[in-house]
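What follows is a short report on a single structure.
Quick note: the coordinates plus some simple rules give every number you see, no bench work behind them. Just so we're clear, the structure is a prediction, and the values are computed from it rather than from any experiment. Quick reminder, even Gly has a Cβ in these numbers, built from the backbone with ideal geometry, and neighbours come from all protein chains shown.
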C-alpha cells in the first residue's frame, strides 16, 4: 500500500510540531500520564509492561526516541500505515495522548527482549558488513540508538526487524520518505536476515 508523499510529509511536520509542544509541557508529567494510558489501553499485552516486547513481530518501545513513536502513532491514527490492530487502537487518540505515550516509552530503559537468542558468528559478520555498507549508523547513529524520528534498532526484536526490512524492500511499507526502501532494495532474504540478526544483538545483554 502506498500513499501520497504530500500526506506523509504533512504527518512528519505535524509530528515535529507535536513534540515541540510536548517538550514544553513537562516531560515527567507526560510520562506519568502515558504510563497510566498505556496500562488502561493494555499496551503491555503486546509491547511488554516495561516496553520490552514478548510478542513475535511486535516491536519493543522502551527507549525509543519520542519523535519516532509520535510519528508512527500519527501514521496509524490517520490510516497512513497498516499494521493491525494498531490503526484501530490509535484512531481515537488525541495529540496529547500520543505525546504522553511517547514520553512514557522514551523514559523506559532500553534493552533486548528476554527471548533474544545467542549471536551466530557467521551471521554477525555478514550483518556487520552490511550495516557498514548501507551506512545504517548515519541515520540510526553508530550505536543504533536512533534519533529524532529515526527509531532505535539496537536490541530490537529480530523477527520484527526482519519483517520491517522485508516490507521496505518489497514496497509494502514506507515511512515519511523512501530512504529505507532505497537502502534495502535488491537485498536477498538471507542478507536481510543477517542484518536483522546483527542489529538485534546490539546493546547490553
How large is the translational diffusion coefficient of the chain in µm² per second when you combine the Kirkwood radius over alpha carbon pairs with Stokes-Einstein at 37 °C and 0.692 mPa s? 191
Nearest 10, in degrees from 0 to 90: the angle of helix 66-77 to the longest Cα principal axis of the chain is 80
Using alpha carbons only, how many degrees (0 to 90, rounded to 10) separate the axis of helix 5-23 from the longest principal axis of the chain? 60
Percent RCO, i.e. relative contact order, over the chain, from Cα pairs under 8 Å lying at least 6 residues apart: 26
For the stretch 125-175, what mean projected area does the convex hull of the alpha carbons give, in nm²? 3.8
With a 10 Å Cβ neighbour count serving as the proxy for reagent exposure, in which order, fewest first, do 157, 133, 116 appear? 133, 116, 157
I want to verify the translational diffusion coefficient of the stretch 71-164 in µm²/s; compute it with Stokes-Einstein, Rh as the Kirkwood radius over Cα pairs, at 4 °C and 1.567 mPa s. 84
Sorting 76, 104 on the 10 Å Cβ count, fewest up front, what's the list? 76, 104
From the helices alone, meaning DSSP H stretches of at least four residues, give me the mean residue ellipticity at 222 nm for the chain, per-run term -39500 (n - 2.57), in deg cm²/dmol to the nearest 500. -16500 deg cm²/dmol
Part-to-part distance (alpha-carbon centres) for the stretch 120-192 and the stretch 84-118, which is given in Å: 20
On a 0 to 90° scale, report how tilted helix 95-107 is relative to the longest principal axis of the chain, with both axes built from alpha carbons and the result rounded to the nearest 10. 50
Order by neighbour count: 199, 89, 162, fewest other Cβ atoms within 10 Å first, most last. 89, 162, 199
